[in-house]
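Taking it in order: structure first as structure tokens, then the write-up.
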Amino acid sequence: APRPTTPTLAKLARESIVAENFFSNVSATGGSIVSMFTSALPTETGVVFAPDIAKGGWIRQHLPGLLREHGYTTYQLTVRWYADAVDLNLQSSFDWANGRAPAKETAHALTRGLDPNAAYFARLLIERLAERVVPSVVGREARDARREILAGEAPKSSDKARLREFARVVASAREPFFVQVHLLGTHGRRFRAPGRYSAGQAQDREYMLDFYDDAIAQFDERVSNALDLLARRGVLERTIFVVYADHGMRWTTLERLPLVIRAPGGSVVARVVTPAQGLDLAPTVLELAGLPQPPWMRGRSLLAERRDSCPAILSFQHVSQQDPARGGKHFAGAQPPFFSLSGISQIVGREAISLALPTGEIERTRVELGGGAGAECPALDEGAAAAGLLRHLGEHGYDVSTLAHLLGH
């Protein structure tokens, strides 16, 4: 029988909007978060995986920036470099981001007036120098964000720090406020939650399900605590509360993810069975907040009438490479013509066609849908789908000449 790992989420779902078939647009955290905030694909924003940064108009076209324009104070509690909006070049996004107020930093003042890209790299240079010089002067070890996220060290414990900061924000923030909290206890290949199902076992393999279930149960308890904090402050019933995931286990984009959105007061209860994607999150939040969706957002609110029952959902896989000596998977080897992309997929109904890059290999995958998903969708033609994916890349500035033969399917 299924384990009762998510009692809080089960209760929350009964008074919320639930996307039964929700898919990520990007396999890596940074790209996925940027796509959710901008409601745009990574081929548009430029962000697949660190060290990618947002480009063009997307540096200022995003959900937290829109909310700031409407009077919200914005806070981000994630992890630096891999999931930090300021590091990813989403400018004017968060008033407070991972322990700093970007607009009040010395680096920001020194680079004011520069071209946006020049300003970004100047701020980065100043910050990197400070990170290396100051710890050496005071005798403190420099922070290594890469080790934290990839070696499975600090993020598992620093979820506690993020939740302590969330409690502080909830207790003191001026309304209205927007907070993104990104917890990492269920992330990665090994898990450090208290042993409920894994008691007495040694975690001697990756992705051991008993340990993973413990991490899920711990996450559920943390959601319960967050709801309690909002209730005690007296703001829960006028809060939009979102539980999301940015990618699936082993960084897949072809498996359904949880998306639960509680409207203020639990006023909207819906089960959305038509397939949804990360691009749909920001439009849904804006609709619930009573704010208009800007024309540059590509997604559609989950509450929109006549949602397409067979949407073509594009998802993108990032380049990664195994290096056990350096903590497992890491960004490495990205090079022209596809840079940080290792693949692109199209999901339609219960099928996905994936195009591997740079090899051009085509793969058909069966996709699981749930919640009584509607009518069957037309079968995908592998050649036509692969050619369409390649055209998409070409239209967004990638050199696809090495795979031009696929266009003549």
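The values are calculated or read from the model by the stated rules, or taken from the named source; none is laboratory data. All of these numbers come straight from a predicted model, not from anything done at the bench. Here Cβ is always computed from backbone atoms with ideal geometry, including for glycine, and neighbour counts include all displayed protein chains. What goes into the accessible areas is simple: the full protein's heavy atoms, side chains included, and nothing from ligands, DNA or RNA. Shrake-Rupley method; radii C 1.70, N 1.55, O 1.52, S 1.80 Å.
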Select from the range 75-101 the residues that are surrounded by fewer than 22 Cβ atoms within 10 Å (Cβ to Cβ) and at pLDDT 95 or above and write down the one among them that is farthest from Leu163 (Cα to Cα).
Asp95
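With the requirement that a residue be part of a strand (DSSP E or B) and open to solvent by less than 10 Å² (accessible area, probe 1.4 Å), what does the range 339-360 give you? So that I can check it myself, show each step before the final result.
As a first pass, look at the range 339-360 and keep what is part of a strand (DSSP E or B): 339, 341-348, 351-356.
Within the range 339-360, Leu341, Gly343, Ile344, Ser345, Ile347, Ala352, Ile353, Leu355 meet the criteria.
Restricting attention to the range 343-387, report how many residues are touching a residue at least 60 places away in the same chain (Cβ under 8 Å) and of a type outside the set (Ser, Thr, Tyr).
Let us first name the residues in the range 343-387 that are touching a residue at least 60 places away in the same chain (Cβ under 8 Å), namely 345, 347, 349, 352, 354, 365, 367-375, 377-378.
With of a type outside the set (Ser, Thr, Tyr) added as a condition, the list becomes 347, 349, 352, 367-375, 377-378.
The qualifying residues number 14.
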If I ask for residues that are open to solvent by less than 90 Å² (accessible area, probe 1.4 Å), more than 12 Å from Asn89 (Cβ to Cβ) and touching a helix residue (DSSP H, G or I) at 6+ places or on another chain (Cβ under 9 Å), which ones from the range 119-134 would you list?
Ala122, Ile126, Glu127, Ala130
Please state which of the following conditions Glu382 fails to meet, knowing it meets all the rest: (1) closer than 24 Å to Glu44 by Cα; (2) modelled with pLDDT of 90 or more.
(1)
Could you please find all residues in the range 231-261 being of a type in the set (A, V, I, L, M), in contact (Cβ under 8 Å) with a residue 24 or more places away in the chain, surrounded by fewer than 17 Cβ atoms within 10 Å (Cβ to Cβ) and outside any loop (DSSP other than H, G, I, E, B)?
Met249
Helices (runs of 4 or more DSSP H) completely within the range 28-125 that count 2 or more residues being touching a residue at least 60 places away in the same chain (Cβ under 8 Å) and under 30 Å from Ala171 (Cβ atoms):
29-38, 63-69
When you scan the range 211-219, do you find a residue that is open to solvent by 20 Å² or more (accessible area, probe 1.4 Å), among the charged types (D, E, K, R) and either part of a loop (DSSP other than H, G, I, E, B) or touching a residue at least 12 places away in the same chain (Cβ under 8 Å) (or both), even just one?
yes
Here the qualifying pairs (Cβ atoms under 9 Å; residues six or more apart or on different chains; first in the range 190-205 and open to solvent by less than 80 Å² (accessible area, probe 1.4 Å); second basic (Lys, Arg)) come out as Phe191/Lys156; Ala193/Lys156; Tyr197/Arg3; Gln203/Arg190; Gln203/Arg192
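Kindly indicate the residue of the range 361-403 that is of a type in the set (A, V, I, L, M) and part of a helix (DSSP H, G or I) and also farthest from Ala334 (Cα to Cα) among those meeting that condition. So that I can check it myself, show each step before the final result.
Here is the first cut: in the range 361-403, the residues of a type in the set (A, V, I, L, M) are 362, 367, 369, 373, 375, 379-380, 384-387, 389-390, 393, 400, 403.
Still in the list and also part of a helix (DSSP H, G or I): 384-387, 389-390, 393, 403.
Values: Ala384: 27, Ala385: 25, Ala386: 22, Ala387: 23, Leu389: 20, Leu390: 18, Leu393: 16, Leu403: 18 Å.
If we take residues in the range 361-403 being of a type in the set (A, V, I, L, M) and part of a helix (DSSP H, G or I), then Ala384 is farthest from Ala334 (Cα to Cα).
Only one residue in Arg222, Arg174 is among the basic types (Lys, Arg) and open to solvent by 50 Å² or more (accessible area, probe 1.4 Å). Which one?
On the way: Arg222 fails: open to solvent by 50 Å² or more (accessible area, probe 1.4 Å).
Just one listed residue meets the conditions, Arg174.
Looking for whichever is modelled with pLDDT of 95 or more, in a loop (DSSP other than H, G, I, E, B) and surrounded by fewer than 13 Cβ atoms within 10 Å (Cβ to Cβ) here; the options are Gly290, Gly333, Gly299, Gly265. Which one fits? Spell out how you get there, then give the answer.
On the way: Gly333 fails: modelled with pLDDT of 95 or more; Gly299 fails: surrounded by fewer than 13 Cβ atoms within 10 Å (Cβ to Cβ); Gly265 fails: in a loop (DSSP other than H, G, I, E, B).
So the residue among Gly290, Gly333, Gly299, Gly265 that is modelled with pLDDT of 95 or more, in a loop (DSSP other than H, G, I, E, B) and surrounded by fewer than 13 Cβ atoms within 10 Å (Cβ to Cβ) is Gly290.
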